[in-house]
Each structure stands twice: as C-alpha cells, then as structure tokens.
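Throughout, read-outs are computed from the coordinates displayed, never taken from laboratory work. Remember, it's a predicted structure, so these values are computed and weren't measured experimentally. Please note: Cβ atoms are built from the backbone with ideal geometry, for glycine as well, and neighbour counts cover all protein chains shown.
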Amino acid sequence: MSNATITFSRTRRLCSLTLLYIFFLTLPGDKLSIDVSGFTVRFNTLLAVILFYIILSKGKVSTINGKYLSFLLFFASSCLASFFFYQSSLRNLAFIAQGLFNLTLYPLITFYFCNLYGSYRVTRIYVVSAVIISIYASLQVFASFFGFHDIFSDQVLQGGIVRAQAYTYEPSNLAIYLIFPLVYLLQRSILHYSSLRNTLIRFDISVVCIFIASFMTTSSTTILTLFIYACFVLLFYGKLIYLRVFKNIPSACLAIVLFLAACSYILLVLPDSLPKIAAIFNPSNHHSTAERLDMSYNALLAFKDRPLFGYGFGGVAENLFSRYQNSSPDLVLAPSRLINPIHRDTFQPMTISTEIISSLGIFGFIGISIFFLYLFKRTFSILGRLKHTDTFSFVHIYSLLVSVCFMCLSMQLSQGFFRLYIIVPIAILIHSVVYHKSNSSYKSV
C-alpha cells in the first residue's frame, strides 16, 4: 500500500472520529439550535441528517434488526391509532414525525459507528464527550462565583451562583444526560479486575469530573438515582469494593484528593463562598419536586379519560391546557407554577412512564414494555455465555445494561421519550445484543 493511500486512509479515519466526537458533544445541546419559521432546529439534528446522508451514499446503512423494526412499526401504529381515534391536532402529527425520525435515524447512525469502531470504543468516545461537557458545566458554576455568567446559564440561585447546565435546556436535563456515562464508568471500574493502574486512574478522573458536574446541577434526579445506585452496589458488590479500595490505593486516593482540592479551592479563594455554596443546596431555591408531582397527577387524569390509546404525543398537554382554560376543578398546580404565566407546556407529563401511558395508553405502554423485556432477556442470555469465556466483553455489556437501566430510572423523574441522549445509549446496547446474536465471538470490543 502506497504512502499516499495510507495518508488518505488516516485522514478519512480522523475526519470520521472528529464527526463522531462533534455528534456526541452536541447530543444534549438543546440550546445549540436555531429558529426556523417557529420550529426549533437543533444543530445536532442537522449533523445527524448530514451523517446519515454520508452513510447512505457509502451504502453502509446497517440492516435494522427484526425485533427493533417490529418495535418501530408498533410505535408508529400506536401513535396513528391515538391520532385517528381521537382526532388529534397537527401538533400530534409533528410529534409522531419527530419520534419516528429520532428512533430511526439516531440508532442507524449509532449502529454504523459501532460497526466501524466497535461498541466499546464508541462508548468510550461517548464517555469522553460527557467528561468534556462536565468540565464546561463545572466551569460555568465556578465562573459565577466571580460574577461571570455565560450565554447558556439561565438558572441563577441566591448569591448569583448558577446551576450547572452546559448547553442543555435546564440543569435537570444535564443531570439525566450524565447518569449513563457516570454509572457506566463506576460499574466498569467495579467489575474489571484486570485493568492496569493507568486505566483505573483515567477512569477515576473521568468519574470525578462527571460526578462534580452532576453534583453542581443540584438536581434531585441525580441525588435520588445515585442513592439507589449506591444501594445496588453495596448490596451486590460491597465485598468487592472493600477489596479493590485496598488493592488500588493510588487510584482511590487520587479521586479523593481531586475532589477535596476542588472544594478547598472554592473555600480558600473566596471568603464569602460558604453561604453561596449553601444556597445551591437550599431546597427553597427550586421547586421541581412539587411540580413533577402535580404534572404526573394531571397526566394520569388524561390517561383515565382515554386509557386504551391515550391522547398521542403532544396531545396530553394540549388537552390539559384546554381543561385549565375551562377552569376544570380536577387539575392540580404547584404554587411555584402560578408565579409564571400558564401555557400549554406547563401541562407536559413530567415522568417518562406517565408520558407514555397518557400519550399511547395501555396499548402503547404494553408494546414498549415487551420490547424492553425482550432486549433485557437477550442481554442476560448473552451475558450468561460471556461470563466464563470473555471477561472483557462481559464487563462492557453488563456495565452498559446497568447504566441504561439507571438512566431509564432517572427518567421516572423527567419526561422526554424522544431525547437523543436516551436513544443513543440504548442503541449502543441494542447493537451489542444484535452483534452477539449473529456472532459467536465479540471481536468488535
């Protein structure tokens, strides 16, 4: 092979990796968008279209697995049933189109890169992207101590301190986005016996960066999800953690020292920083818990009216807002909601379970549940084969499974069935399962 051919091949590979990094870095970028005739067009969506066009022109589009194709067809039929049976608005059709776009295009792009680089490497790139975003989000908070607020920081607490949010729509969105990479790193670190010291140190630095950013979102989603994960770890891996802490003291010490150094820096540099830090964790500064409860309750009222097929995505908020305008006595609104003008999005379902069941009804909820049960069953079947034959692949896939489960758990405190940073991690897990289904060995990792 000539030098020119090798150089071209390396350049093409570098361009491909760069595009993948940009794709992952902009994945949670709700605010990286433009307004076109009243519609918000995200930069990541435009990039996804360009990537898909490139993949399509190369003829490298992965064949959609039969079970996932069945899921897409079921999802489409469920959405259309909600639309036609209850004569929903064009807004509902727009949501259906968006859902099919996200659930088709983003998994296909993820499958392409997993085929190209392997599931493990794609996951690593996703994690590195999350670390970069975490550092930026943490810098937002540190900068606000000096009175500097960047263009994306719009939730300012007492004392002028902002909540970490990077360029997501709000801090809780960043908190949910960071759950997957954080739990993946923690789970992998716990399970991987044969890692070298350098690998462990790199993982620890990544964990510290993501954990600090998650902490600075001050989101109840992070606190509750990580508390449940800590209980899960202590229940199943308490003895293993005890042994690993003493076996890898340098790595454990590094994580502790970095965290203490960050805290000490804030406390020593700014004499008045302590009350500002306390303000961040004062529950009276944000009222998301009460708002989540009333929005979930209102969504269940909509489900009660149309239990079979629901109101369709986008139709629930529209129906509840109409009830509010007609002064319905059944609706519940938290006091913090009454401070701001009430609009249609005020009544969006606030957990993914209530969003699905009120939008698609029992029919859609059961169908989606069956797909995920199948995915988890296939994953456990593959893990059973790998446990004693391929430890590396077992650790990777098991960590993917656990992190996806806890990511889905965190979504019980927030809505967003079509969120891109929910779809992509699940697509990585699906690719791992599909690959194992058709191959006896797992060389892509």
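Between Tyr374 and Thr11, what is 0.36 nm times their sequence separation minus the Cα-Cα distance? Round to one decimal in nm. Intermediate values should be presented prior to the final figure.
Details: separation 363, 0.36 × 363 = 130.68 nm, distance 4.03 nm.
So the extension gain works out to 126.7 nm.
Neighbours of Thr217, meaning other residues whose beta-carbon lies under 13 angstrom from its beta-carbon, give a summed charge of 0 when Lys and Arg score +1 and Asp and Glu score -1. When peptides 128-141, 204-217 are ranked by their average number of other Cβ atoms within 10 Å per residue, the highest-first order is 204-217, 128-141. Modelled spin-label separation between Gln98 and Tyr169, with each label point placed 7 Å from Cα along the Cα-to-Cβ direction: 0.7 nm.
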